[in-house]
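Accompanying notes for the structure given below.
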Ligand code: HEM
């Protein structure tokens, strides 16, 4: 007999079979393996239990069990399921005190569709061109400040740069306004995205002491800035602005409340900051370990003729080093996923890198070969670093556009070399999976005038 919370399948030969997976007594070993070896421990679980397995643990409140999958045939049916069958918001609740209850991450239905309709056009390819100069300027300044000769970690620098960019795109923060915004936002994002932040969120009611209080204080400071900005714009409307907050405030139909505006702004800042910084850091880490690809990308960047190879590098990086490891979906009722019958309340998590490493989807799947994406658009649901379905990432085009521009500008500005020959480990932070050594590089030579600029 299987319990009603146990995913199962029925086969002609063996009758009802429970989904395989570790038992309770295996869990301490699994946790220790994850703490010690990070994502490699997840790979080991798939090798042991197959491409779909169950952990009999309620990882999230309100769920009954957890299913991890890397079977590529199950991605499309999961992502295309309706909101009546699958809840795509439940797993995001863990960060709701940051995003806010009205965040895109947490709502469904009419209001979700309406907000996406407002925000998508400015984040599509042609509209993004208006941000090209801003992004290149931030990237150029960043590359020129890299010290020569000594090892330097790119990831922390990319985090600062990416915050700069998302503050400009989401809120139109100008150079003069930066000093007011950057310190509290940096502190908030560091606290929110620290490796043990997720645990702190779960324990927040118990933890009536720092760092939770520190988080509340700095969150309050950031909210004061955002609400102040909204109030200023309500008092003196400016139709010329084209940042995301302006578009939300100018949208036709029922005006958004201050709280709704705050929640979307906070969502963009959190969703678009560390993910983008991590993608470009990994792209450079991967390129430096593949000299032929590095030479080709550098030649293209310096010729200024094309960005096709840079785009292929970004896509190949997102395939093998997706910044987000899993997305979470929760079944509302009994849900048939392929041959598996999932009971209500099952948290289903597609393991993104595992799907991308499937030999059924890609030749030589573990090899870093940007060429595979040259002149070839991956078929739907085969490249899913941005998730999929109704809640698919809203900033996917911006992320690729920004990463590509950063990569090309860095390659134009500096000759980079790896500090060590071995691959950097994949390390978990709160949300993103980042280069374990912070994407360490050494600048061999700055190009042209850049050499005179000090860090
Ligand atoms: C390489 C960079 C990025 C990666 C890997 C990434 C990844 C993701 C993933 C996996 C999701 C969840 C999708 C799902 O549940 O199916 C998501 C959602 C989202 N992302 Fe991104 N993201 C990136 C950059 C950005 C940027 C730059 C923005 C800023 C506009 C952004 C805004 C959002 C928003 C608003 C959502 C929620 C969408 C919704 O629930 O309707 N992301 N992202």
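Please report, ordered by residue number, the helices (runs of 4 or more DSSP H) entirely within segment 99-194 with at least 1 residues that are farther than 30 Å from residue 443 by Cβ and within 14 Å of the ligand (Cβ to nearest atom).
Those helices (runs of 4 or more DSSP H) span 109-119, 125-128, 154-171.
Can you work out which of the residues in segment 301-322 that are buried (at least 24 other Cβ atoms within 10 Å of the Cβ) and in a loop (DSSP other than H, G, I, E, B) is farthest from the ligand (Cβ to nearest atom)?
The residue in question is 321.
Going through segment 390-400 one residue at a time, which ones are closer than 14 Å to residue 83 by Cβ and more than 6 Å from the ligand (Cβ to nearest atom)?
390
Take the residues in segment 264-281 that are over 14 Å from residue 429 (Cα atoms) and more than 7 Å from the ligand (Cβ to nearest atom); name whichever of them is surrounded by the most Cβ atoms within 10 Å (Cβ to Cβ).
That would be 281.
Quick one: which residue in 281, 306 is more than 30 Å from residue 7 (Cβ to Cβ) and out of contact with any strand residue (DSSP E or B) (no Cβ under 8 Å at 6 or more places or on another chain)?
Going through 281, 306 in turn, just one is more than 30 Å from residue 7 (Cβ to Cβ) and out of contact with any strand residue (DSSP E or B) (no Cβ under 8 Å at 6 or more places or on another chain): 306.
If you check residue 386 against the conditions, is it within 16 Å of the ligand (Cβ to nearest atom) and modelled with pLDDT of 95 or more?
yes
For segment 361-376, how many residues meet the condition of being surrounded by fewer than 23 Cβ atoms within 10 Å (Cβ to Cβ) and in contact with a helix residue (DSSP H, G or I) (Cβ under 6 Å, 6 or more places away or on another chain)?
Residues meeting the conditions: 4.
Just need a number here: residues in segment 61-86 that are surrounded by fewer than 19 Cβ atoms within 10 Å (Cβ to Cβ) and in contact (Cβ under 8 Å) with a residue 40 or more places away in the chain.
8
If you go through segment 66-74 one residue at a time, do you hit one that is assigned to a helix (DSSP H, G or I), within 18 Å of the chain's Cα centre (by Cα) and within 15 Å of the ligand (Cβ to nearest atom)?
Checked segment 66-74: no residue is assigned to a helix (DSSP H, G or I), within 18 Å of the chain's Cα centre (by Cα) and within 15 Å of the ligand (Cβ to nearest atom).
Step by step: first the residues of segment 345-385, then only those that are in a loop (DSSP other than H, G, I, E, B) and touching a strand residue (DSSP E or B) at 6+ places or on another chain (Cβ under 8 Å), then the one that is nearest to residue 164 (Cα to Cα). Which residue is that?
Here the residue is 385.
Kindly establish whether residue 163 is at pLDDT 95 or above and closer than 30 Å to residue 58 by Cβ.
It is false that residue 163 is at pLDDT 95 or above and closer than 30 Å to residue 58 by Cβ.
For every residue, the table says whether it meets (1) over 23 Å from residue 244 (Cβ atoms); (2) modelled with pLDDT of 90 or more.
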site: 153; (1), (2): yes, yes
site: 169; (1), (2): no, yes
site: 191; (1), (2): yes, no
site: 200; (1), (2): yes, no
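Would you tally the residues in segment 394-449 being assigned to a helix (DSSP H, G or I) and either surrounded by fewer than 18 Cβ atoms within 10 Å (Cβ to Cβ) or under 24 Å from the mean Cα position of the chain (by Cα) (or both)?
Final tally of qualifying residues: 18.
Quick check on segment 260-278. Is at least one of its residues assigned to a helix (DSSP H, G or I), in contact with a helix residue (DSSP H, G or I) (Cβ under 6 Å, 6 or more places away or on another chain) and within 20 Å of residue 370 (Cα to Cα)?
Scanning segment 260-278, I find at least one residue that is assigned to a helix (DSSP H, G or I), in contact with a helix residue (DSSP H, G or I) (Cβ under 6 Å, 6 or more places away or on another chain) and within 20 Å of residue 370 (Cα to Cα), so the answer is yes.
Can you name the number of the only condition in (1) in contact (Cβ under 8 Å) with a residue 40 or more places away in the chain; (2) closer than 27 Å to residue 306 by Cα; (3) crowded, with 17+ Cβ neighbours inside 10 Å that residue 350 fails?
(2)
Taking the stated definitions as given, is residue 82 more than 26 Å from residue 258 (Cα to Cα), within 16 Å of the ligand (Cβ to nearest atom) and assigned to a loop (DSSP other than H, G, I, E, B)?
Yes; evaluated as a whole, the condition is true for this residue.
The values are calculated or read from the model by the stated rules, or taken from the named source; none is laboratory data. Being a predicted model, the structure only gives us computed values, none of them experimental. All Cβ positions, even for glycine, are placed from backbone atoms using ideal geometry, and neighbour counts span all protein chains on display.
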